[in-house]
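> To start, I am sharing the structure in question, which I have written as structure tokens.
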Amino acid sequence: MTSRQIAALPYRIKPDGTAAILLITSRASRRWVIPKGNPMRGLGPHHAAEVEAFEEAGINGILCPTSLGTFDYDKKRSKGGLRPTRVEVFPLAVTAELGDWPEQDQRRRQWFDLADAVAAVDEPELKAIIRDFREPLPIPGITDRALDQISTWATNKGAHRFPMLRWFQRLMPQQGRFFELFDAHAATLVAGADALAKLLQGGAGMAEHSRAIFDREEAADAITRQVLQDVRRTFVTPFDRSAITSLISSMDDAIDQMNKTAKAISMYDVTEFDAEMRDITGIIVEAARVTAEAIPLLRALGANGSRLHVLTGRIVLLEGQADDIHDAGMKALFRRHAETAPMAFIVGQEIYTALEKVVDCFEDVANEIQGLVIDHA
């Protein structure tokens, strides 16, 4: 009979957009593994994985309740022999590495680049989960190189031969501006989601996290305005103008909704949050991470169509689980407060609704990307 375990995949996204994975050594064989353990009574699978990450790796972070998949291995029994075991893996965005933790004398921990982490672990299915966690940024293809050559010719020779071309170049945004702006906006989504998740942890830093969300929302608005301005000024766009405006608008809606959530929390002086609310923010962090991987792939829709299909499918899956968590949280909130503290119910309902809308906005982004793939890939 196959036993069941849960695990966390601890990660961080580096400034260049690549992922790093934290691995730990097993106690017996000293091979590289991820923090894992048995389900815990009274805790959901992802919450149990969070406990294991603290105990085995000494880390805290933002854990997404939507798993990345499962892998199988043979677990050694204490009395000898092996037992087939299936492990469900949940992504954990690491926010703190502790100096002291329960199993620090029994294990080592180390950060690995994605490829090195794949090579370090033994289980084939775990290798696949880590490998698929975040693909490298796309390499410009033949079309991109051709456009680079045309741009170079126009800059170095064409503008000198044709005065009209110099005038036209001054009106045209630099090549790649749309994609650069999309990337920049995606970065605000990642930072905003991280600040929102930290905000719902409560504690002394809430004002700082609210301010961070507000600052990211202002930066995102400026990027959106620039995209809309460039759409009007550019003669040839990478894809249809309406698709560009719809994509950047849906991305902007996501950060706007994060800001509205933070404002509601500040307005009502909420300092404690339901576990379901924090779970939704874990989904928001994961949706932002996936979006930030997907956006650079738009540079080569044909080559990246299959990967974009996988990424947008995960965002849709995240949105579905967020709906379930929202409904469960609202039901529990109603039972606690509807009769005895109606105002607390109303405030909690507003926060739940705002959080759900953030995830809905990410699904809208996924739908826009899917539309681009269908039209151009």
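> Once you place label points 7 Å from the Cα toward the Cβ at His376 and Ala264, how far apart are they in nm?
Placing both labels 7 Å along Cα→Cβ, they lie 3.4 nm apart.
> Under a straight-distance cross-link criterion of Cα-Cα below 23 Å, which lysines are reachable from Lys263, leaving out those fewer than 8 residues away in the same chain?
Result set, ordered by chain and number: Lys198, Lys357.
> Taking +1 at the Cβ of each Lys and Arg and -1 at the Cβ of each Asp and Glu, which of Phe239, Cys361, His46 sits farthest along the dipole of the chain towards its positive end, judged by Cα position relative to the Cα centre?
Farthest along the dipole direction, towards plus: Phe239.
> Leaving ligands, DNA and RNA out of it, work out the accessible area of Asp100 with a 1.4 Å probe and give it in Å² to the nearest 10.
About 110 Å², ignoring ligands and nucleic acids.
> Right, here's the next one. Test of understanding: express the Cα radius of gyration of segment 1-108 as a ratio to 2.2 N^0.38 Å, with N the residue count. The partial results should precede the final answer.
Details: Rg = 13.9 Å, N = 108, 2.2 N^0.38 = 13.0 Å.
For segment 1-108, the normalised Cα radius of gyration comes out at 1.07.
> Can you compute the helix-only [θ] at 222 nm over the chain? Use -39500 (n - 2.57) per DSSP H run of at least 4 residues, normalise by all residues, nearest 500 deg cm²/dmol.
Numbers: 11 runs with 219 residues, N = 377.
The per-residue figure over the chain is -20000 deg cm²/dmol.
> Something else: Might you report the magnitude of the Cβ-based charge dipole of the chain about its Cα centre, with Lys and Arg at +1 and Asp and Glu at -1, to the nearest 20 debye?
On the way: 44 positive and 53 negative charges, 244 e Å.
Computed charge dipole of the chain: roughly 1180 debye.
> Separate question: Once Rh is set to the Kirkwood radius over Cα pairs, what Stokes-Einstein translational diffusion coefficient, in µm²/s, holds for segment 3-64 at a temperature of 4 °C and a viscosity of 1.567 mPa s? Mind showing how you got there, number by number?
Values: Rh = 12.4 Å.
Result for D is 104 µm²/s.
> For Asp221 and Asp72, calculate 0.36 nm times their separation in residues minus their Cα-Cα distance, and state this gained length in nm to one decimal.
On the way: separation 149, 0.36 × 149 = 53.64 nm, distance 4.55 nm.
Contour length minus Cα-Cα distance gives 49.1 nm.
> Can you tell me the relative contact order of the chain? Whole percent, Cα pairs under 8 Å, sequence separation 6 or more. Write out the running numbers ahead of the final one.
Numbers: 580 pairs, mean separation 58.6, N = 377.
This gives 16 percent for the chain.
> How big is D, in µm² s⁻¹, for segment 269-362 by Stokes-Einstein at 10 °C and 1.306 mPa s if Rh is the Kirkwood radius over C-alpha pairs? Please list the in-between numbers first.
Working: Rh = 14.6 Å.
Reported coefficient: 109 µm²/s.
> Read phi for every residue in segment 116-124 and hand back ³J(HN,Hα) as whole Hz from Karplus 6.51 cos²θ - 1.76 cosθ + 1.60, θ = phi - 60°, with x for Gly and Pro.
Per-residue couplings from phi come out as 5, 5, 4, 5, 6, 7, 9, 6, x Hz.
> If one puts a single equal scatterer on every Cα of the chain and applies the Debye formula without solvent, what log₁₀ I(q)/I(0) results at q = 0.12 Å⁻¹?
The Debye formula, applied to the Cα set alone, gives -0.96.
> Skipping prolines and chain starts, which residues have an amide H placed within reach, meaning under 5 Å, of the one on Lys75, given they are 5 or more residues away or on another chain?
The list, which skips near neighbours in sequence, is Arg83, Thr85.
> So, one more: Using the basic label-point model (7 angstrom from Cα toward the beta carbon), what is the Ala332 to Ala115 distance in nanometres?
4.3
> What percent do you get for the relative contact order of segment 181-331 when only Cα pairs under 8 Å and 6+ apart count? Before the final figure, lay out the partial values.
Working: 138 pairs, mean separation 49.7, N = 151.
It rounds to 33 percent for segment 181-331.
> Treating the Cα atoms of segment 220-309 as identical point scatterers in vacuum, please give the log10 of the normalised Debye intensity I(q)/I(0) at q = 0.14 Å⁻¹, two decimals.
Taking Cα atoms of segment 220-309 as identical point scatterers yields -0.68.
The values are calculated or read from the model by the stated rules, or taken from the named source; none is laboratory data. Bear in mind that the values here come from a model prediction, so they are computed numbers and not experimental data. No Cβ is skipped: glycine too gets one built from the backbone with ideal geometry, and neighbour counts run over all protein chains shown. These accessible areas exclude ligands, DNA and RNA; they are computed on the full protein's heavy atoms, side chains included. Shrake-Rupley method; radii C 1.70, N 1.55, O 1.52, S 1.80 Å.
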